[in-house]
1. Would you confirm whether any residue within region 184-199 is within 30 Å of F43 (Cα to Cα), out of contact with any strand residue (DSSP E or B) (no Cβ under 7 Å at 6 or more places or on another chain) and modelled with pLDDT of 95 or more?
2. Can you pull out every residue in region 75-98 that is at pLDDT 95 or above and small (G, A, S)?
3. Applying the selection to region 297-333, what residues are small (G, A, S), surrounded by 23 or more Cβ atoms within 10 Å (Cβ to Cβ) and under 14 Å from A272 (Cβ atoms)?
4. Would you call F235 in a loop (DSSP other than H, G, I, E, B), at pLDDT 95 or above and within 15 Å of the ligand (Cβ to nearest atom)?
5. Would you pick out the residues in region 6-27 that are aliphatic (A, V, I, L, M) and either in contact (Cβ under 8 Å) with a residue 24 or more places away in the chain or closer than 30 Å to Q332 by Cβ (or both)?
6. So, in region 79-100, how many residues would count as being buried (at least 21 other Cβ atoms within 10 Å of the Cβ) and more than 16 Å from the ligand (Cβ to nearest atom)?
7. Working only within region 171-191, note down all residues that are farther than 15 Å from R212 by Cβ, within 13 Å of the ligand (Cβ to nearest atom) and part of a strand (DSSP E or B).
8. Quick check on my filter: what residues within region 43-57 are modelled with pLDDT of 95 or more and assigned to a loop (DSSP other than H, G, I, E, B)?
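The values are calculated or read from the model by the stated rules, or taken from the named source; none is laboratory data. All values derive from a computational prediction rather than experimental measurement. Here the Cβ is made from the backbone with ideal geometry for all residues, glycine too, and neighbour counts use every protein chain on show.
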Amino acid sequence: MLIALCLLRFAVLPYYDNRLNAVLAAEAYPVSPAVREFHQTSFVADMHADSLLWGRELDKSRRRGQLDLPRLRAGGVDLQVFSVVTKVPWGLNYEANADDSDILPILFIAAWRSPATWFDPKQRALVQARELSRLADRSSLSLVLRRRDLAADGLRGLLALEGMHALGGRADNLDEFFAAGYRMMGLAHFFDNEIAGSAHGQAKHGLTELGRRLVERMESLGITIDLAHASATAFADTIAVATRPLVVSHTGVKATCAGARNLSDEQLRAIAGNGGVVGIGYWKGAVCDASLAGITRAIGHAVEVAGIDHVGLGSDFDGSITAAFDSASLPQLTASLLASGLSKAEVGKILGGNLRRVLDSNLPE
Ligand SMILES: [Zn+2]
């Protein structure tokens, strides 16, 4: 039994972590000293990475997956949103998933997490929140819980929930999650839930009555609402009732990559009208061509339609994606964006200025 648990934690889990979160050995895009200097002095923020899920020691770089604190620092990142995944159906796909199966018990057992987390999405969310707090305690990472934390020096982290099914349909859990440090929440993940329909769910329904109440409560607490993975109906319903800026933390645009979870031009304009930000992802499902050129093209289209004040970065690093580069190589994207004809002021907004504006308006005092 002990041998089996050791094998799971020290061989099987690292193997799958590396395989599912691969970095392509692409030729490095040239970054001039001037561009590097511009990147390092810009406020750089990434809106979505699932790195907490895999049970890594993120303060050490073991070159597993796509992101850890040493690589974030090397990549000049100032703010990383750490998203928390709490349930993943078997046979995962982008078209239609039921919520009656769950891959994650294997991962939570393999990572030697508490048995309370093995079959319980809420406990998985609370444990990953504690793991991020402990990471901040033993490193120079600081957590963004209030508005003034945005202005801290060095690397900052913000905790986000991917899918509000983790609340188990109970409104009072929202306050418990807020107390645990959650400051951003995606309404749905890969299946419909009691709050909102998913773009990958079976019914793909809209925002429910409970969902409406929770949107209001999130706005009053200072939790930023994330529409990534939301069904088109839930997306429209939420924009209609929101009084604060929203985000779509990691997405693509249909104009450069058709697909169930990518945004139409109409949705891009709706986010612009709301004052929010759309984070463009780095993986195939978001941009089809997952090279720097493909990512730059999707960002360019989002800027063209939504406007320069409404676009940001949403890597989805460590979200079971294959990426052309890891978090240490982010200056390459800055170089590619500048080479596409955007000005430094414009690129600065995309790199993090826009997300900062939204968080500055939403976070509690
Ligand atoms: Zn996601």
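1. Scanning region 184-199 turns up no residue that is within 30 Å of F43 (Cα to Cα), out of contact with any strand residue (DSSP E or B) (no Cβ under 7 Å at 6 or more places or on another chain) and modelled with pLDDT of 95 or more.
2. Listed by number, the residues that qualify are G75, G76, S83.
3. Across region 297-333, the qualifying residues are A302, A306, G312.
4. So F235 does not fit the description; no.
5. Scanning region 6-27 gives L8, V12, L13, L20, A22, V23, L24, A25, A26.
6. Qualifying residue count for the region: 1.
7. M184, G186
8. The answer is F43, V44, D50.
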